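J.: Pasting a structure below so you can have a look.
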There are 2 protein chains.
Amino acid sequence: MAELTPDDFMAAALAEARAAGVIGEVPIGAVVVKDGQIIGRGHNLREHAQDSTLHAEILAIQEACMTLHTWRLEDCDLYVTLEPCPMCAGAMINARVRRCFYGAKDPKAGAAGSLVDLLSDPRFNHQVQVVGGLRARDSGELLVAFFQGIRAKRKAAKQAGQSPEKQV
Amino acid sequence: MAELTPDDFMAAALAEARAAGVIGEVPIGAVVVKDGQIIGRGHNLREHAQDSTLHAEILAIQEACMTLHTWRLEDCDLYVTLEPCPMCAGAMINARVRRCFYGAKDPKAGAAGSLVDLLSDPRFNHQVQVVGGLRARDSGELLVAFFQGIRAKRKAAKQAGQSPEKQV
């Protein structure tokens with residue numbers, strides 16, 4: 001069997017992102033990979049759980065820790081469809097993740113180079129190698145379509161005189 | 001009944017830190033407060049759960065979200081015995097925490113001014129007011145005593161020819 005590539009793992013993260021979008025969450029997904037195997041998956045569940053910590057990366061890291069029975073995710077790579085926020089970048093440093101592959105840049109909260117660069121900061125006790133822009137268009141289009149859908153629903157609700165959908 | 005003060009809430013965070021130390025975790029504790037009431041508590045559980053995300057602040061934020069049935073911790077203050085790391089500072093930004101009171105500075109990983117200053121960064125969509133140094137000596141002494149204990153145990157084990165205690 002052919003070895004899986006970074007593109008394949010990002011496809012798995014994109015599948016997680018779609019799973020979030022289907023249930024009305026902002027479509028962001030992540031997987032953790034070790035030795036060519038996916039050992040943790042996660043998608044954004046902030047609204048469903050009403051828990052601000054439940055980003056895709058946190059859930060994927062938690063599942064990977066459970067899989068390996070250790071909090072040290074050395075030699076593990078994390079794939080996520082959107083550039084991580086400071087919380088998730090910090091979680092990768094804490095978990096000693098080896099590499100972070102991300103899809104679309106996040107100019108509003110990105111902590112892998114856009115607003116701050118936590119993952120490469122040599123002052124922390126661990127650095128995570130970053131590869132950005134992997135299937136960036138697919139990741140970005142998912143987000144754009146999601147927010148266009150939200151706006152269209154709001155507009156339709158307004159025109160029908162109904163109260164707008166819950167803000168996401 | 002007299003209103004509780006920031007010192008009282010930091011005392012509750014210190015009690016959480018001691019609860020972590022008793023079970024062999026690095027003694028760090030946190031509470032989330034709204035309208036003078038503690039609505040979330042947490043202490044470091046990284047080793048017991050073998051989960052790198054289970055810092056005191058994350059657990060306290062998660063409990064507060066459950067208490068309020070919302071991921072938005074507006075008008076909430078977080079008290080933590082050690083300056084937050086990037087993950088936990090990021091979690092406070094994501095949760096829209098109003099203020100962060102911390103005890104001891106963390107020169108190795110502090111993200112509230114020591115290494116980076118995420119909480120006050122105006123480029124993020126939310127800023128958290130920071131009050132550092134609240135009962136800093138008590139918080140620091142707990143950590144110093146904990147690591148002295150670890151080193152003493154290791155030394156004793158070495159002298160007795162036993163394998164050293166698991167590294168924390």
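J.: Condition first: in contact with a helix residue (DSSP H, G or I) (Cβ under 8 Å, 6 or more places away or on another chain), more than 14 Å from chain B (Cβ to nearest Cβ) and either of a type in the set (Gly, Ala, Ser) or buried (at least 19 other Cβ atoms within 10 Å of the Cβ) (or both). Now tell me which residues in the stretch A:27-50 satisfy that.
T.: A:27, A:29, A:31, A:33, A:38, A:41, A:43
J.: Mind checking whether some residue in the stretch B:59-78 is open to solvent by less than 10 Å² (accessible area, probe 1.4 Å), in contact with a Cys (Cβ under 8 Å, 6 or more places away or on another chain) and under 16 Å from residue B:106 (Cβ atoms)?
T.: Looking through the stretch B:59-78, at least one residue is open to solvent by less than 10 Å² (accessible area, probe 1.4 Å), in contact with a Cys (Cβ under 8 Å, 6 or more places away or on another chain) and under 16 Å from residue B:106 (Cβ atoms).
J.: Sort through A:37, A:50 and tell me the only one that's of a type in the set (S, T, N, Q) and touching a Phe, Trp or Tyr at 6+ places or on another chain (Cβ under 6 Å).
T.: Every option except A:50 fails the conditions.
J.: Does residue B:108 satisfy the criteria of being surrounded by fewer than 18 Cβ atoms within 10 Å (Cβ to Cβ) and under 24 Å from residue B:10 (Cα atoms)?
T.: yes
J.: Does at least one position in the stretch A:83-98 carry a residue that is modelled with pLDDT of 95 or more, closer than 18 Å to residue A:16 by Cα and in a strand (DSSP E or B)?
T.: No: the stretch A:83-98 contains no residue that is modelled with pLDDT of 95 or more, closer than 18 Å to residue A:16 by Cα and in a strand (DSSP E or B).
J.: Let me ask something else. Going by the structure shown, is residue B:154 modelled with pLDDT of 95 or more, more than 8 Å from chain A (Cβ to nearest Cβ) and either open to solvent by less than 50 Å² (accessible area, probe 1.4 Å) or in a helix (DSSP H, G or I) (or both)?
T.: So residue B:154 does not fit the description; no.
J.: Any idea which of A:120, A:114 is within 10 Å of chain B (Cβ to nearest Cβ) and hydroxyl-bearing (Ser, Thr, Tyr)?
T.: After applying the criteria, what remains is A:114.
J.: Looking at the structure I just gave you, is residue B:53 open to solvent by 30 Å² or more (accessible area, probe 1.4 Å) and outside any strand (DSSP E or B)? Outline the logic, then answer.
T.: Details: open to solvent by 30 Å² or more (accessible area, probe 1.4 Å): no; outside any strand (DSSP E or B): yes.
Judged against the criteria, residue B:53 is not a match.
J.: Related question: Go through the stretch A:42-58 and report how many residues are over 14 Å from residue A:27 (Cα atoms) and within 13 Å of the chain's Cα centre (by Cα).
T.: Of the stretch A:42-58, the ones over 14 Å from residue A:27 (Cα atoms) are A:49-53, A:58.
Those still in the list that are within 13 Å of the chain's Cα centre (by Cα) too: A:53, A:58.
Looking only at that region, the number is 2.
J.: Then there is this: Quick check on the stretch B:1-49: of everything there that is among the aliphatic types (A, V, I, L, M) and touching a Lys or Arg at 6+ places or on another chain (Cβ under 6 Å), which residue is nearest to residue B:106 (Cα to Cα)?
T.: B:10
J.: Let me ask another. State yes or no: is residue B:92 crowded, with 24+ Cβ neighbours inside 10 Å and free of Cβ contacts under 8 Å to residues at least 60 places away in the same chain?
T.: Against the criterion (crowded, with 24+ Cβ neighbours inside 10 Å and free of Cβ contacts under 8 Å to residues at least 60 places away in the same chain), residue B:92 qualifies.
J.: Give all pairs with beta carbons closer than 6 Å in which a residue from the stretch A:4-26 that is open to solvent by less than 40 Å² (accessible area, probe 1.4 Å) meets a residue that is part of a helix (DSSP H, G or I) and of a type in the set (Lys, Arg); count only pairs at least 6 apart in sequence or on separate chains.
T.: none
J.: Residue A:101 passes all but one of (1) out of contact with any helix residue (DSSP H, G or I) (no Cβ under 7 Å at 6 or more places or on another chain); (2) open to solvent by less than 70 Å² (accessible area, probe 1.4 Å); (3) not in a helix (DSSP H, G or I); which number fails?
T.: The failed condition is (1).
The values are calculated or read from the model by the stated rules, or taken from the named source; none is laboratory data. Note that this is a predicted model, so its numbers are computed, not measured. With ideal geometry, Cβ positions are generated from the backbone for all residues, glycine too; neighbour counts draw on all protein chains shown. Just the protein is used for accessible areas: all its heavy atoms, side chains included, with ligands, DNA and RNA removed. Shrake-Rupley method; radii C 1.70, N 1.55, O 1.52, S 1.80 Å.
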